Amino acid sequence: MTSRYSQYYLTPSLPGNGLFFKTVLPEDQGEYSCNVSNPAADASVSGYLYVDVMPTITFISNNDEVREYEGFWLDCLYEGEPKPTLQWRHNNTPLRREHVIFPNGTLHISSATRFDSGAYQCTVTNRQGSRSKDVIIQVKSKARIENIPTLQYPITGQRSTLICEVSGFPFPSVEWWRNGERIQLNGFNQQGFSKVGTNLVIDNPDSSDHDGIYTCKASNDYGSDREVTQVRVYDLPRVTRVSGCSAVTAGMECSIVCEARGNPLPVLSWRYKDRNETVIAQTDNNRYYVSSQDADSTSVPFRELTLTFKRISISDARTYFCHAENPAGKTSSAHQVKVRYQAVIESPPLPTYEVPIGATLTITCKARGEPLPQIKWSGPKGTLPPNGRATVDENGSLIIMNLQNNDEGEYTCSADNNKEGNNFDFNVVSSSTIVKVTSKDAPLTVIDNPIETWLIVVIVICVFVVCIVVFVSVKMIRDKSRERHSYKPTQMTKSSEGEANCQFETIAPKPVMFQVPIDTSNSLPMYNLRTLNWADKHPPNNFQSQFDDVDRQLQGLLKDLDNPKLDNLESDI
């Protein structure tokens, strides 16, 4: 042992005279022998000490720049015990391109592209742990335009950006050209152009100043690239007019017109709601047809879409939407179609009212129509209300309070929807009723609301029908239960000892009545005979025991009768 192994010592006090290492060093790895001797003999034993060492990276290549399509090498030297394993990664992901890793850990990529730029990680691992170090490689590549749309559509008056995405190292410089002329972006630009990164910004687009072919040119020390894009400044669609069928009589032909502008001219359609669905009126049918035309007689072209109703009906009265859409956006405008029709009294008064004197009477008269009809009442004394006791509510119902005898007579409800200034030539419709005033304690014999009257009638009819159905069903069930063979007693005699003898025959199933003519002076109990259900005309062997029961019942009956008349005795036995 030399002096450099001063970190261990013998421990005689421990069993076996052990060798204690205070600090284990890599140099302590090797074979150790234990020798013992005494006057009798010498002995020795040996063992090998293995020392594990955490892996370390002793050298890695410096960050570097390489030319595109050239190869490069990355070295990674390491130590550790046991010998570590080595792994290379690119941007923290496994290597995907073709590569070679030599036994000493050197990585070789033969032809670099711009996608090989980034951080390469060298990682060494053994059972004691792992260590990593990075090296940055930048591939010098020519300028390239990665993304530029073929067509770009700025909106008139809205700040827009023309896209041009580039790549390359060093990062390329970008120039923009319009219709073959370079756009000057240094300082103030009268055309409203500016640049953000590599993209061109148009502050206030206008078709006359900014439509055209634009070129994006990117360049650096290793090359250049250029691509073109066509710019068309579009106008948002605008619905400038909707009209027609604002007040039309049912059965007439009428049209609603939608006029819209935009660049390009928008696609138009008429739409409406049917329940929860949106219907596009675009197919001709027996109700309407659709026509479209473009006009450019003015400085600004426009498009018209006409929806023509052949014979407009009440069901066509709804809100219609003119929908306009082009690549710049979409919009819509609502238009209400109103269909005029004759007033109709849908809830007329009842024919007659008998009301006690002093009571309050309400006579319903509800009408509909377009325009909304006006309800007027007239009575025996002329137009109502004649005094403060009669009023007409907002629904058109006539209310007469503290009814008197002089209020008797005919009352007429009139509905008129001929508005002033509109010559609709609609007829005035009316409905009349007779009011009779009775004594004060007489009940009101007429229900004013016809809906309540019919509801009571319907309920009564339904109850009656249900009762009939239940009765018929019960009767059918009882009749069906009697459909079995029966035995009819044909002869009954009395012996000298007072015993009864009966003879039976099989009869077809039929509903029968159990009738026993007896002396009315005697009050006798009812005797029920058990049913015998035999498949043929011959009684079974146990008939005797069943007949004995019947015989005992008949004997009791005969004892209570002096002259029994048992004609037509029919019963299920």
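The values are calculated or read from the model by the stated rules, or taken from the named source; none is laboratory data. From a predicted model like this one, the values you see are computed outputs, not experimental measurements. Neighbour counts are summed over all protein chains in view; Cβ atoms, including those assigned to glycine, are modelled from backbone coordinates with ideal geometry. When the accessible area is computed, the model is the full protein with side chains, heavy atoms only, and any ligands, DNA or RNA have been set aside. Shrake-Rupley method; radii C 1.70, N 1.55, O 1.52, S 1.80 Å.
With (1) under 60 Å from the mean Cα position of the chain (by Cα); (2) on the phi < 0 side of the Ramachandran plot as the list, and Ile57 as the residue in question, which single condition is left unmet? Answer for Ile57: the failing condition is (1).
Suppose the filter is charged (D, E, K, R) and open to solvent by less than 50 Å² (accessible area, probe 1.4 Å); does Arg340 pass it? Explain how you work it out, then say what you get.
Working: charged (D, E, K, R): yes; open to solvent by less than 50 Å² (accessible area, probe 1.4 Å): yes.
Here the answer is yes, as Arg340 does meet what is asked.
Which condition number does Tyr353 fail, the rest of (1) under 30 Å from Thr412 (Cα atoms); (2) surrounded by fewer than 14 Cβ atoms within 10 Å (Cβ to Cβ); (3) out of contact with any Phe, Trp or Tyr (no Cβ under 7 Å at 6 or more places or on another chain) being met? It is condition (2) that Tyr353 fails.
Would you mind stating whether Val466 is under 17 Å from Lys376 (Cβ atoms) and modelled with pLDDT of 85 or more?
Values: under 17 Å from Lys376 (Cβ atoms): no; modelled with pLDDT of 85 or more: yes.
Criteria not met by Val466.
For region 317-362, name all the residues that are over 47 Å from the mean Cα position of the chain (by Cα) and among the β-branched types (Val, Ile, Thr). First the steps, then the outcome.
Looking only at region 317-362, we keep the residues that are over 47 Å from the mean Cα position of the chain (by Cα), and these are 350-362.
Hits for region 317-362 are Thr352, Val355, Ile357, Thr360, Thr362.
Considering (1) part of a strand (DSSP E or B); (2) open to solvent by less than 50 Å² (accessible area, probe 1.4 Å); (3) out of contact with any Pro (no Cβ under 9 Å at 6 or more places or on another chain), the lone condition that Ala218 does not fulfil carries the number (3).
Restricting the search to strands (runs of 3 or more DSSP E) fully inside region 358-413 and requiring at least 1 residues that are within 24 Å of Ile314 (Cα to Cα), at pLDDT 85 or above and open to solvent by less than 60 Å² (accessible area, probe 1.4 Å) gives 366-370, 374-379. State whether the residues of region 89-103 include one that is in contact with a Ser or Thr (Cβ under 9 Å, 6 or more places away or on another chain), surrounded by 13 or more Cβ atoms within 10 Å (Cβ to Cβ), in contact (Cβ under 8 Å) with a residue 12 or more places away in the chain and more than 30 Å from Cys34 (Cα to Cα). Yes; the residues of region 89-103 include at least one that is in contact with a Ser or Thr (Cβ under 9 Å, 6 or more places away or on another chain), surrounded by 13 or more Cβ atoms within 10 Å (Cβ to Cβ), in contact (Cβ under 8 Å) with a residue 12 or more places away in the chain and more than 30 Å from Cys34 (Cα to Cα).
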